[in-house]
1. If I filter the stretch 272-298 down to residues being charged (D, E, K, R) and in contact (Cβ under 8 Å) with a residue 24 or more places away in the chain, which single residue comes out as farthest from residue 232 (Cα to Cα)?
2. Select from the stretch 449-477 the residues that are touching a residue at least 24 places away in the same chain (Cβ under 8 Å), part of a loop (DSSP other than H, G, I, E, B) and over 17 Å from residue 541 (Cβ atoms) and list them in ascending order.
3. Mind listing whichever residues of the stretch 312-351 are farther than 22 Å from residue 252 by Cβ, modelled with pLDDT under 90 and in a loop (DSSP other than H, G, I, E, B)?
4. Would you check which residues across the stretch 395-405 are at pLDDT 95 or above and either β-branched (Val, Ile, Thr) or in a loop (DSSP other than H, G, I, E, B) (or both) and list them?
5. Looking at 65, 20 in this structure, which one is under 37 Å from the mean Cα position of the chain (by Cα), over 18 Å from residue 537 (Cα atoms), at pLDDT 90 or above and outside any loop (DSSP other than H, G, I, E, B)?
6. For the stretch 131-139, state whether one or more residues are touching a Cys at 6+ places or on another chain (Cβ under 7 Å), assigned by TED's automatic domain parsing to the domain that holds residue 194 and at pLDDT 95 or above.
7. It is to be established whether one or more residues within the stretch 378-394 are in a helix (DSSP H, G or I) and touching a residue at least 12 places away in the same chain (Cβ under 8 Å).
8. Give me the pairs: first residue in the stretch 487-500 and outside the structural domain of residue 30 (by TED's automatic domain parsing) and assigned to a helix (DSSP H, G or I), second residue crowded, with 22+ Cβ neighbours inside 10 Å and polar (S, T, N, Q), beta-carbon distance under 7 Å, and six or more apart or on different chains, which are they?
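The values are calculated or read from the model by the stated rules, or taken from the named source; none is laboratory data. Keep in mind that this is a model prediction, so the values were computed, not measured. So basically every Cβ, Gly included, is an ideal-geometry build from the backbone, and we count neighbours across all protein chains shown.
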Amino acid sequence: MEQKVSHTEQDLDAVLRDLLDLQEDVLAAPAHSQGRLAKLHANYRWSARNLLQYLALRRRDLRPLQHRLACLGLSSLGRCESHVLATVETALHVVHRLAGRTTPADPQESSLDFASGRRLLADHTDALLGPATSGRGVRIMVTMPSEAADDPLLIHKLLQQGMNCMRINCAHDDPAAWSRMIEHLRRAERALNRSCRLVMDLAGPKLRTGPLDSQLAVARIRPQRDAYGRVTSPARVWLTADAQPPVPADACLSVPREWLARLKRGTDIRLCDARGATRSLEVVEVIQGGCWAEACKTIYVVPGTVLTSGQRTTKRKYREAAVSAIPSGEPAIVLRRGDVLHVTRDQRPGRPAAVDADGTVLTSATIGCTLPEVSDDVRPGETIWFDDGKIGGVVEVVEQQRMVVRITHAREQGDKLRGDKGINLPESRLRLPALTSKDLEDLAFVAEHADVVELSFANTIEDVESLQDHLARAGDRQPAIVLKIETRRGFENLPDMLLTAMRAPSCGVMIARGDLAVECGFERLAEVQEEILWLCEAAHVPVIWATQVLESLAKDGMPSRAEITDAAMGDRAECVMLNKGPHMLSAVRLLDDILRRMQEHQTKKRAMLRELRLAHTLSPDLGPGPIA
């Protein structure tokens, strides 16, 4: 027994030493940032100190201390975000009592208590996002589609179903359309006696792929087959000079009028398709405007593919014709692992690689980018991603007019890269300002009408200061700023940007998970979004959980199981954002229900132990059975 008591005393001494060291670090943290603290708005005086103290706390690996505290039956510091110093001091007080020692006098600096930390976050959330809906603390934000400008009933129904914030993306539509959306919202507020915050999102710099040559369209002509691969119905191809097919076709090919006029029923048309495979079509019907042909094998046709009719003639022009256009096709470049892609600084239409009959590459694939100046900031060895991370590569060479990229990430069969798709350079320190010339034009309207302005691609202190300065010059009405964290650099600079945003009376953070997943790596997204949530809770700054929430439901009318779980995780934030889609109303209804249910079980990282009906369902013990 004596040995056990001695061991416990040693444990208590070790815990006390660690807690005292931790308290010293936490207390000293604000002193190193007095210059920054002096610039902050009074609303954030305590919040900023708590953020600095949380950062000091998290500079250590606390896991050994947490384990020892848990073994003593004490708080493991795991829920201290909103009240850091109070948590450490409470743990110290209890450990002193357990050790039978006199509790030292409290430090000179008073600290936020547990209730005050939670109240500050609630107050800041009300100021940014408006009052909560009865029975649901997490707000719902909905992005407006273009049709909302001419559909007041849609906005009325969204507000009726539980929308708390209406978001207008300034990358789409124009001030006239935005004005109509706002008027519809104000009318709905009056009719329903509800309030709704107006959020406007500045487009920011859009780094995207340039246009592709319109001649790159590919028609895949594919017959129907049964489960055994046997053709059950040939593919129907409409050959024409300029007429639309009278009924739906599997493919439409534009060909010269003179060649078309010589085709007859039963004519055999031979070709070498885009893959180099020899294929044939059979003309089955000739009618006014064109003719129908059928194929029993899969064929890939591109503009320029030569069609050779089986007619006997000495004049080659009557036997051969090149496909001039594929009306329904969309240009794309197919890229596979190991391919080379040239990303050019000009906006000339991109093209796929040119290969000879043996498959040897004659010229590499090319595509432009909308912000060619980024090439100045890219270095060899850095990664590049296209189309939300579907295609990835490594920059091998940076030249004056192009970047040479080796594709390292694509499906085995290849992936299609099209124009106007996003480009991410997560390892490059791009010197792109967050505010573009379009943003500055839009800012006059935004400053006059919006309650909240979202800063896209917020990466640095300078980005935040630039928006604050332009808003100050725009007039006395100052909308609150939300920092959209969608790059690795923005994530890494979040503490600095938060302390800058706190110079205003209200601010927030959006976790833009689409670009952030590409920038930080999909495998790190869960970890990164957790860190943002912790940091913002320590700063008492509300968070908006965004990107692809219930997207399948909003777009297609049916959510996936994973999306339901993801939406439930949004309860950890102060607001969840839904994107536009034909089934937006259903998405708002379901999200409202999910958030109400989760509120009874979870608050931030703390489980709420509501009475469980399941706990009452255990069958009564019937006693031991008969002895055999």
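1. 275
2. Within the stretch 449-477, 450, 456, 457, 459, 460, 475, 477 meet the criteria.
3. Hits for the stretch 312-351 are 312, 313, 314, 315, 346, 347, 348.
4. Within the stretch 395-405, 395, 397, 398, 404, 405 meet the criteria.
5. Going through 65, 20 in turn, just one is under 37 Å from the mean Cα position of the chain (by Cα), over 18 Å from residue 537 (Cα atoms), at pLDDT 90 or above and outside any loop (DSSP other than H, G, I, E, B): 65.
6. yes
7. no
8. Close Cβ pairs (under 7 Å, with a partner that is crowded, with 22+ Cβ neighbours inside 10 Å and polar (S, T, N, Q)) amount to 489/459; 490/459.
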